[in-house]
Amino acid sequence: MQSDKIQIFDTTLRDGEQVPGCKLDTQQKLVIAERLDFLGVDVIEAGFPVSSPGDFTSVQEIAKLVKNAAVCGLTRAIKKDIEIAADALKFANKPRIHTGIGTSDSHIQYKFNASKKEVIRRAKEAVLYAKNFVDDVEFYAEDAGRTDNAFLAKVCEEVIKSGATVLNIPDTTGYCLPEEYGTKIKYLKDNVKGIENVIISCHCHNDLGLATANSIAGAVNGARQIECTVNGIGERAGNTALEEVVMILKQHPYLNLQTDINTKLLYDTSMMVRERMGMPVQPNKAIVGANAFAHSSGIHQDGVIKNRETYEIINPADVGVIESAIVLTARSGRAALAYRAKKIGYELTKIQLDTAYKTFLQFADRQKEVIDEDIHQIMKQVNKISKI
Ligand code: KIV
Ligand code: ZN
C-alpha cells in the first residue's frame, strides 16, 4: 500500500537561487534554510557545492544548522562533484546527494556527444560512487520530460540497482502537458523493476506555466516527492511554486495526498524570500500575491461580505494572511462602502449610505482606489449634508 504523504523537497536555495540578479550570501541562506525547516519541508536542497567555494560553505553551514529536514547537495555525474558534495554534507543529520545526468536525445547528443549506453554507465557509476558517502542518493534524469519513456525506464532501473533511493524525473524545459507528465510517471511505475522501493520525485519548470499542474499530475500518478521553490522562483520562468502545490493538496482532500507543511507560515515565508532575494512577486500570484485575497468588483464584494466562501476557496488565515481585502474602486457597490466605513467606525443609515455613495463615486472616478483617509473625507461631507 503506497503512502499518501507527499514529501516537499525545497530547492529555493539551489534552483531558485540560480535566477539572474539574485545572489544570497551564506548568512541570508541560513536564515531561509532555518525558516524552511520550521515550515516543515522534508528536504532542503542547499546548493551545488562544487560550483564555488561560497556555495560549498553555504551547504556546509546549512548542513550544520538544519535539525529536521534532510539536507541535499547537487552534483553532476562526476566523481569530484560527488566528493565535494559529500564533504559539504558531512555534518548533516540527514545528508542526501543529488546526482544525475541528461537523458534526452538532445542532451546525449549535444551536451555529451555520447551513446545511450555510455549515459547509463555514467549514471550507474555516479550513484554507486555517491553510495560510498551517504545512504540517501537521489538520481535525476535531466530533461526526462523530453526523454523517450522506454529509455528513461531503463536508466531508472539501472540506477535503482546501483542503490538510488529517490528517482527525480525533471521536466527541465517545462515542455510537458500535465497528462503527458502524469502518464510518464505511471509508465515508470508500471515498467521499472524495483520502483516500489524508491520514491519518485517531480521536478517541473514553468516555461509554459504548467509546472504546478504537472507536479500534481505526477503525484496523482504515483510520485511521492515534489521539488519546488518558494514563490516559484527558478531558472527562466521558474519552478513549481511550493505554496501552490501545498495548498492544492490541502484544498483537495479527496486526492488523499498530504504534506507536513505548516500552511499558516506560507505568506510570511514568501515575504521573507522575496525580501532577502530581491525578487518581487506579481500581485496576481496564486496564494501569496498582494491580490490573492483582494476583492474589487461590486458583485464579488457583495458576495464576500455576505459569506467569504462565495468567492474564496481558501481561508486567508490558513496561509497566514490576516483577512481578505475589500478594495474600494469605481466598480464597488454600496455594500462594500458600508463594510469599509463600518470597519473604521461609521455606522451608516440607508439615507446616509445613499448620499455617501454618490460622493464616493466621484472620488473613485478621480482615483484608482478609495482608501480609508478618503472615507473619512466622504463622511465629513455626509454629516454636513445630513445636518442641512
Ligand atoms: O531542472 C533540472 O533538470 C534540474 C536538475 C539539475 C535536477 O534542476
Ligand atoms: Zn531544475
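Every number here is computed from the coordinates shown, using simple stated rules; none is lab data. For clarity, every value in this text was computed on a predicted model and none was experimentally measured. Backbone-built Cβ (ideal geometry, glycine too); neighbour counts: all protein chains shown.
Quick notes on this one:
- The range 197-225 - residue that is touching a residue at least 40 places away in the same chain (Cβ under 8 Å) and away from ligand 1 (no atom under 16 Å from the Cβ) and, of those, farthest from the chain's Cα centre (by Cα): GLY222
- Here LEU242 does not fit the description of being more than 16 Å from ligand 2 (Cβ to nearest atom) and not acidic (Asp, Glu).
- Flag if ILE322 is touching a strand residue (DSSP E or B) at 6+ places or on another chain (Cβ under 6 Å) and hydrophobic (A, V, I, L, M, F, W, C): no
- Residue among TYR187, TYR181 that is more than 16 Å from ligand 1 (Cβ to nearest atom) and of a type in the set (Ser, Thr, Tyr): TYR187
- Scanning the range 337-356 for residues that are touching a Ser or Thr at 6+ places or on another chain (Cβ under 9 Å) and assigned to a helix (DSSP H, G or I) turns up ARG340, ILE351, GLN352, THR355.
- Taken over the range 283-331, the criterion of being touching a residue at least 40 places away in the same chain (Cβ under 8 Å) and assigned to a loop (DSSP other than H, G, I, E, B) is satisfied by LYS285, ALA286, ILE287, VAL288, ILE313, ILE314, GLY320, VAL321, VAL327, THR329.
- Selected residue [over 17 Å from the mean Cα position of the chain (by Cα), within 16 Å of ligand 2 (Cβ to nearest atom), over 18 Å from LYS131 (Cα atoms) and free of Cβ contacts under 8 Å to residues at least 60 places away in the same chain] from THR103, THR99: THR103
- Among (1) more than 16 Å from ligand 2 (Cβ to nearest atom); (2) under 30 Å from LYS250 (Cβ atoms) - the single one LEU74 does not satisfy: (1)
- The listed residue being crowded, with 19+ Cβ neighbours inside 10 Å, away from ligand 2 (no atom under 16 Å from the Cβ) and assigned to a loop (DSSP other than H, G, I, E, B), out of ALA223, ALA213, ALA217, ALA164: ALA164
- On the stretch given as the range 172-206, residues that are within 17 Å of THR12 (Cα to Cα) and acidic (Asp, Glu) total 0.
- Among residues of the range 322-356, those that are crowded, with 17+ Cβ neighbours inside 10 Å, over 37 Å from the mean Cα position of the chain (by Cα) and farther than 17 Å from LYS306 by Cα, counted: 6
- Checking each residue in the range 226-237 for being touching a Ser or Thr at 6+ places or on another chain (Cβ under 7 Å), farther than 15 Å from LEU249 by Cβ and either free of Cβ contacts under 8 Å to residues at least 12 places away in the same chain or near ligand 2 (Cβ under 10 Å from one of its atoms) (or both) picks out only THR229.
- Residue within the range 124-134 that is in a loop (DSSP other than H, G, I, E, B), among the aromatic types (Phe, Trp, Tyr) and surrounded by fewer than 18 Cβ atoms within 10 Å (Cβ to Cβ) present: yes
- The residue that is farthest from VAL43 (Cα to Cα), counting only those in the range 177-210 that are among the small types (Gly, Ala, Ser) and either crowded, with 22+ Cβ neighbours inside 10 Å or in contact with a Gly (Cβ under 9 Å, 6 or more places away or on another chain) (or both), is GLY209.
- Flag for THR269 being part of a helix (DSSP H, G or I), touching a helix residue (DSSP H, G or I) at 6+ places or on another chain (Cβ under 9 Å) and within 16 Å of ligand 1 (Cβ to nearest atom): no
- Residue in the range 35-55 that is within 20 Å of VAL281 (Cα to Cα), of a type in the set (S, T, N, Q) and within 16 Å of ligand 2 (Cβ to nearest atom) present: no
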